[in-house]
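Scroll down for the structure; my scribbles are underneath it.
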Amino acid sequence: MPTRILLVLTAALTMGWTWPRDWHYSALDLPGTVHKPLVLGHAGSGFFTPFNPFNPLPPSSLAGVRHALAKGADGEEVDVQLSQDSVLMLYHDLELSNSTATGTGCVSQYPAAELLRLRYRGGWPYDWFQKERVATLDTLLQELRQRATFPYLHFDLHEEDGCVPPAKAFARSQVLVRQLVQQLVRRQVPLAQALVISTQLSTLKYVRTLLPAVPVALEIVENFDSVFTQAQAAGIETVVVKKDQLTPQRAARIHAAGVQLVLFGGRSAGAMKKQLAFDPQAIETDNVARLISLLNRRARKD
């Protein structure tokens, strides 16, 4: 019993703190980059992690978003899926069983009212610190409208439905886009502070058709060279790349083409220094506090 109590106390004290082995990293001297890169919480404040930092909050949960903003993030990246009755839900994983206590199957198989009853499950010790439930995107937008400063928002469209035949996996992409566009307009989201992200060029073209003013970005997950060539041909102005998929040569190609770069992933100071060397427009990070510290930037205040 004493050991278990000690572990829980350690986790509680560590939450939101930097991990001791990284304290020796000094702030980066980046003159003229006060507002670049944007610091965005990745899926809220990141994923369940035991340290570096301790994070007991589920990805793309309301509490996760609040936590990252409280740590000083300029904004958030959140994952958006479509319920059976075409309501936009905040949920990251492909299947409900991965992150919820009782859910099975996919978001697409249930109406929003049922999804809202699902409680997140992270296991021990995370569930001692969180009681989050799946939420709608609209709930988040309403909450953010109450803030003195509306944060930047990256909407990562999770279009692929893992519970239907592969040929129909993206059949509802246009419905998802239409619902998102309606939400952006209805909730008066500042479009200059929004970014709609997809792995599908056809989806981004449809977004542009419905709402030309909102910025879009292609997430490149494989075959970088050929996909980036397609993105250029389509006039895509921003690409989103995972940190371990980028090389100096690829970064140089992106910048030479005048395309903005968004990176995601990474928690340690070492990984973040490598990301900053690529001169990204924004970083979707799992460790907001450390990235702000490295940039020698004061946390934003609402």
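Numbers for the structure displayed
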| read-out | value |
| --- | --- |
| Residue under evaluation V164, criteria (1) surrounded by fewer than 19 Cβ atoms within 10 Å (Cβ to Cβ); (2) part of a helix (DSSP H, G or I), criterion not met | (2) |
| Residues of the range 177-197 that turn out to be touching a Ser or Thr at 6+ places or on another chain (Cβ under 8 Å) and closer than 18 Å to V240 by Cβ, as a count | 2 |
| Selection within the range 272-288 - among the aliphatic types (A, V, I, L, M), free of Cβ contacts under 8 Å to residues at least 40 places away in the same chain and buried (at least 20 other Cβ atoms within 10 Å of the Cβ) | M272 |
| Whichever residue in the range 219-252 is open to solvent by 80 Å² or more (accessible area, probe 1.4 Å) and assigned to a helix (DSSP H, G or I) and, among such residues, is modelled with the lowest pLDDT | D244 |
| Set V87, V80: member being buried (at least 16 other Cβ atoms within 10 Å of the Cβ), touching an Asp or Glu at 6+ places or on another chain (Cβ under 7 Å) and modelled with pLDDT of 95 or more | V80 |
| Residues satisfying the stated conditions in the range 207-218, i.e. buried (at least 20 other Cβ atoms within 10 Å of the Cβ) and either in a helix (DSSP H, G or I) or on the phi > 0 side of the Ramachandran plot (or both) | V207 |
| Of residues in the range 21-77 being modelled with pLDDT of 90 or more and basic (K, R), the one most open to solvent (accessible area, probe 1.4 Å) | R66 |
| Qualifying position, being open to solvent by 40 Å² or more (accessible area, probe 1.4 Å) and in contact with a Phe, Trp or Tyr (Cβ under 7 Å, 6 or more places away or on another chain), among Q146, Q193 | Q193 |
| Close pairs from the range 89-114: first among the acidic types (D, E), partner open to solvent by 30 Å² or more (accessible area, probe 1.4 Å) and assigned to a loop (DSSP other than H, G, I, E, B), Cβ under 7 Å, at least 6 apart | E95/G162 |
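Every residue, every condition in (1) out of contact with any helix residue (DSSP H, G or I) (no Cβ under 7 Å at 6 or more places or on another chain); (2) of a type in the set (K, R), yes or no:
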| residue | (1), (2) |
| --- | --- |
| E159 | no, no |
| R186 | yes, yes |
| P190 | yes, no |
| L195 | yes, no |
| L211 | no, no |
| V221 | yes, no |
| K242 | yes, yes |
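The values are calculated or read from the model by the stated rules, or taken from the named source; none is laboratory data. Everything numeric in this text was worked out from a predicted model, so none of it was measured. Glycine also receives a Cβ, built like all others from the backbone with ideal geometry; neighbour counts cover every protein chain displayed. Areas reflect the complete protein model, heavy atoms only, side chains present, ligands, DNA and RNA absent. Shrake-Rupley method; radii C 1.70, N 1.55, O 1.52, S 1.80 Å.
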